[in-house]
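J.: My questions all concern the structure below.
The values are calculated or read from the model by the stated rules, or taken from the named source; none is laboratory data. Bear in mind that the values here come from a model prediction, so they are computed numbers and not experimental data. Reconstructed Cβ throughout: ideal geometry from the backbone, glycine too, with neighbour counts over all protein chains shown. We work out accessible area using only protein heavy atoms, side chains counted, and drop any ligands, DNA or RNA first. Shrake-Rupley method; radii C 1.70, N 1.55, O 1.52, S 1.80 Å.
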Amino acid sequence: MLDRALLGGAPSPELRPVRVASAVDEVSDRLLTAIAVGDFLPGERLPVERELTGLLGVSRPTVREAVGRLQTLGVIEIRRGRNGGAFVRDSWTESSAAAVRRTLLPRWEQFEQLFDLRGLVEGMVAATAARRRRPEDLEPMREALAAHLSARTPREEQAADSAFHRSICAATRNPQIALLSRDLLTRISLGFPIEPWGKGERTHFHRAGEGHTALYEAIAAGDPERAEEIARDHSMISAEMIRGVLARVRAAGDF
């Protein structure tokens with residue numbers, strides 16, 4: 001279930017002895033860690049219960065209890081009404097470090113392998129887009145790039161970033177490539193197809209903006225080698241964010 005969402009196959013035998021006590025514990029830890037790495041940002045609504053059950057492969061009562069734990073911890077608030085749901089209040093609480101440790105440490109070797117694989121795949125995606133893009137493929141990229149550079153909040157940045165990379169995948173003209181890219185994103189993002197965004201640090205924003213601009217220019221120029229190089233480097237921003245969260249836990253003396 002949850003290990004398959006993360007690792008894309010059967011659970012690794014070496015993970016079994018360190019699994020947490022129950023599915024509720026693991027879902028709670030997964031959500032806390034996803035919030036800590038910026039999959040879900042403060043003010044953002046979590047996926048609805050039905051989506052979470054599908055993404056994580058668990059029952060609705062499990063999701064309901066896990067979300068209730070996060071509410072008790074003060075990480076989320078529940079809003080009622082038509083536009084209600086579970087909204088993130090804070091990206092880090094006293095419980096976050098322990099959840100990050102339990103979620104990331106047992107799987108860290110696989111995470112590093114996934115970071116490496118994602119760099120290779122995203123390079124291939126960008127190179128393919130540079131070879132196959134048509135004039136009409138460039139307009140969605142330009143729009144997403146402009147939206148990212150003019151974004152005023154981390155949530156706007158994250159949304160524009162996703163749109164930009166979707167437009168590159170579309171330019172490959174192969175839906176299977178887009179599915180592969182999404183699958184790897186889901187696996188490094190704890191089962192959620194959302195780019196980790198840290199705490200919305202401005203240094204990451206500027207680096208991402210520079211990477212997007214250079215990547216667009218390489219694809220527009222039909223330069224696959226340059227596009228591949230830029231995309232591989234660009235994909236490491238998310239890896240660095242996740243490593244940074246783990247480093248924060250280490251610095252806090254939680255090991």
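J.: Filter the range 75-110 for residues that are in a loop (DSSP other than H, G, I, E, B), within 16 Å of ARG30 (Cα to Cα) and modelled with pLDDT of 90 or more and give the result.
T.: Within the range 75-110, VAL75 is the sole residue that qualifies.
J.: Let me ask something else about it. For the range 131-148, how many residues are among the charged types (D, E, K, R) and either open to solvent by less than 60 Å² (accessible area, probe 1.4 Å) or in contact with a strand residue (DSSP E or B) (Cβ under 9 Å, 6 or more places away or on another chain) (or both)?
T.: 1
J.: Checking ILE237 against (1) open to solvent by 20 Å² or more (accessible area, probe 1.4 Å); (2) modelled with pLDDT of 90 or more; (3) part of a helix (DSSP H, G or I); (4) within 23 Å of PHE111 (Cα to Cα), which test does it fail?
T.: (1)
J.: Here are the criteria: (1) over 18 Å from TRP197 (Cα atoms); (2) hydrophobic (A, V, I, L, M, F, W, C); (3) modelled with pLDDT under 95. Tell me which single one ALA66 does not satisfy.
T.: For ALA66, the failing item is (3).
J.: Would you point out which residue out of GLY119, GLY57 is modelled with pLDDT of 95 or more and within 21 Å of ILE188 (Cα to Cα)?
T.: After applying the criteria, what remains is GLY119.
Yes/no per residue for (1) open to solvent by less than 50 Å² (accessible area, probe 1.4 Å); (2) assigned to a helix (DSSP H, G or I); (3) over 28 Å from LEU104 (Cα atoms); (4) without any contact (Cβ under 8 Å) to a residue 24 or more places away in the chain:
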| position | (1), (2), (3), (4) |
| --- | --- |
| ARG152 | no, no, yes, yes |
| ILE168 | yes, yes, yes, no |
| ASP183 | no, yes, no, no |
| GLU225 | no, yes, yes, no |
| GLU228 | no, yes, yes, no |
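Each row is one residue, and each column tells you yes or no for (1) modelled with pLDDT under 90; (2) in a helix (DSSP H, G or I); (3) closer than 29 Å to ARG30 by Cβ.
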| residue | (1), (2), (3) |
| --- | --- |
| ALA159 | no, yes, yes |
| PHE164 | no, yes, yes |
| HIS204 | yes, yes, yes |
| GLY209 | yes, yes, no |
| THR213 | no, yes, no |
| ARG232 | no, yes, yes |
| GLY253 | yes, no, yes |
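J.: Checking the condition open to solvent by less than 10 Å² (accessible area, probe 1.4 Å), touching a strand residue (DSSP E or B) at 6+ places or on another chain (Cβ under 9 Å) and assigned to a helix (DSSP H, G or I), which residue from LEU52, LEU31, LEU41 passes?
T.: Being open to solvent by less than 10 Å² (accessible area, probe 1.4 Å), touching a strand residue (DSSP E or B) at 6+ places or on another chain (Cβ under 9 Å) and assigned to a helix (DSSP H, G or I) holds for just one of LEU52, LEU31, LEU41, which is LEU31.
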